[in-house]
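I have placed the structure first, in the form of structure tokens, so that the comments after it can refer back to it.
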Amino acid sequence: MKSKKLSVDLQDRIVSSGEGYRKISAALKVPMTIMASIINKWKKFGTQGGDQEPDCHCQSSSISLWREPSRRTTIYAALQSGLYGRVARRKPLLSKRHICAHLEFAKRQLKDSQTTNKILWSDETKIELYGLNWQASCLKKTRHRSSPGQYHP
């Protein structure tokens, strides 16, 4: 013999009352087994609606059939579109020690430029264009050391 289904309003009262099985079944005059099945269904599915008919088959939706692609597939697709997995440097190129050294060097250069501005440059200064200074400041190309056409003063 098939048991009678309870109304949705009565099922709502059973779920929302927060009391024990015996107190609810005594107050609403509903058997405890039916109440237990209603509460378990609500805990499992989050609803207390009626069951589907046994001959009604669920249609699989595109969302339920969708499967997340593998990591390798996404990487391959990104490479095909021109995106590469390059990551920015975490360590900065200049450490604190190097920054301090750069600042000290810049300060020294400022002091040198101030002293050169104070020097009186006149015709008496002797700048050796073709002496030792010329040899020290000439630019040489590494492949043709012997050819004199490669020296630039």
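Roughly what would the spin-label model give for Lys41 and Lys29, points 7 Å off Cα along C-beta, in nm?
2.2 nm
Under a plain spin-label model, where a point goes 7 Å from the Cα along Cα-to-Cβ, how far apart in nm are Arg67 and Phe105?
The modelled label-to-label distance comes out at 5.9 nm.
Every read-out reported here was derived from the displayed coordinates using simple, explicitly stated rules and does not represent laboratory data. Note that the structure is a prediction, hence the values are computed from the model and not measured. For neighbour counting, all protein chains shown are included, and Cβ atoms are generated from backbone atoms with ideal geometry for every residue, glycine included.
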